[in-house]
Amino acid sequence: MRNIAVLGFGVVGGGIYEALKPCINPPLSEVNIKYILDLRSFPGHPLADRVTSDYDRILADGSVEAVVETMGGVDPAYGFCLAALKAGKHVITSNKAVVDAHGEELERVAMENGVCYLYEASVGGGIPVVEPMRSCFYADTVTRVAGILNGTTNYILTHMRSEGITLAEALDVARRLGYAERDPKADLAGLDTARKLAILAGIAFGRYISYTDIPVIEGIEDVTLEDIQLAEQAGCLIKLFAVAERSGPDHAHMTVAPFLVGWHSLFHAVHDAQNAVCVTGSIVGDTVFYGSGAGRMPTAAAVCGDVARALNGDYKYHIRKKCEPGFILPEDESRFRKAVLPNGKTYRVYEK
Ligand code: HSE
């Protein structure tokens, strides 16, 4: 029996139980969710008797090897993760806000305590991208990370176009499907995308980068049905894009914004809550990671993959340096070609 605790039994936390139940692969087949930390109760749920609001009890229980944090938001999740690492427990999370704000400290504390802090599910939902970037590109220099990193906005843009519905109507469905953040402003304003870009760019460029370092973060709030229809008449889709690009050894550009994407781009085919990330290595060239970017079970499965790695001791420490001031350059207006729609609105154009 390998005991774990799940902090937050919401969309993803509840999915972890469902993902583990049929799993026959050790060590996941031996995992026991001994505690669920949540302020709510779940009458009738098979694990109802495991629910507690007493985190100290979990910390004090030496049989708990790993804590899975799926609460969302920085506080109190950050403090819980830090305390678990200091207590010698692995921490696995899907919480990009905490990884973005405190990943540097949490990775260092994990190393000092001989445990791991893993966050595959924080970017791209069920798509394996964090760990491949950390390990498989080791011999290469990543020059560029670009893609669609938010399932909610991609779902909204897809369905505004295909059904002619408004942003608010499409958001309503995305929320019901479990794609959106508790406060969906984080999706709509591009902040969720920016956090994920900061995590991936940090790995790519060997630095800890925060989304607050990104000079341009625009969301989709101002994208109208008319814009989408006019873009389509020009053979383009509108997609919320994240782009991080090296500019020599000591600089990078980073942008999050809605872009026009032409039919020749592979991103033109990324619909609904799917995400796709193109990681370019100076040796390997373009590689693409594609799949379910949001949702209960894909995200829960990614979390469980990290749980297995933690319990197997199958992880390495990848401590990076701080992002030095000036590393991320201000937006260069000529970096992306721009196009003006017939209604006068201007969009950046994604060329690849
Ligand atoms: N709200 C996020 C999204 C959830 O839509 O991508 C997955 O990180």
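Each reported figure results from applying straightforward, stated rules to the coordinates on display, with no laboratory input. Bear in mind that the values here come from a model prediction, so they are computed numbers and not experimental data. Using ideal geometry, Cβ is built from the backbone for each residue, glycine included, and neighbour counts are taken over all protein chains shown.
Quick look at the values:
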read-out	value
Some residue of region 203-214 being within 16 Å of the ligand (Cβ to nearest atom) and either of a type in the set (F, W, Y) or within 28 Å of L341 (Cβ to Cβ) (or both)	yes
Single condition V64 does not satisfy, out of (1) within 24 Å of the chain's Cα centre (by Cα); (2) closer than 25 Å to N312 by Cα; (3) of a type in the set (A, V, I, L, M)	(1)
Meets criteria (surrounded by fewer than 24 Cβ atoms within 10 Å (Cβ to Cβ) and either within 16 Å of the ligand (Cβ to nearest atom) or within 17 Å of K338 (Cα to Cα) (or both)) for D192	no
Filtered residues of region 268-299 (kept if among the aliphatic types (A, V, I, L, M), in a strand (DSSP E or B) and surrounded by fewer than 17 Cβ atoms within 10 Å (Cβ to Cβ))	V288
Residues that are over 30 Å from L118 (Cα atoms) and without any contact (Cβ under 8 Å) to a residue 24 or more places away in the chain, drawn from region 302-350	E333, S334, R337, K338, V340, G344, T346
Which numbered condition V349 misses (of (1) crowded, with 19+ Cβ neighbours inside 10 Å; (2) in contact with a Phe, Trp or Tyr (Cβ under 9 Å, 6 or more places away or on another chain); (3) β-branched (V, I, T))	(1)
Residue that is within 16 Å of the ligand (Cβ to nearest atom) and more than 24 Å from A174 (Cβ to Cβ), where the choices are D250, D306	D306
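The rows are residues; the columns are (1) among the aliphatic types (A, V, I, L, M); (2) buried (at least 23 other Cβ atoms within 10 Å of the Cβ); (3) within 11 Å of the ligand (Cβ to nearest atom).
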| position | (1), (2), (3) |
| --- | --- |
| A101 | yes, no, no |
| N113 | no, no, no |
| E120 | no, yes, no |
| V123 | yes, yes, yes |
| L149 | yes, yes, yes |
| T152 | no, yes, yes |
| I156 | yes, yes, yes |
| L167 | yes, no, no |
| V173 | yes, no, no |
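So that you can scan it fast, the table gives a plain yes or no per residue for (1) more than 16 Å from the ligand (Cβ to nearest atom); (2) under 23 Å from A121 (Cα atoms); (3) in a helix (DSSP H, G or I):
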site: K196; (1), (2), (3): no, yes, yes
site: D222; (1), (2), (3): yes, no, no
site: E226; (1), (2), (3): yes, no, yes
site: V256; (1), (2), (3): no, yes, no
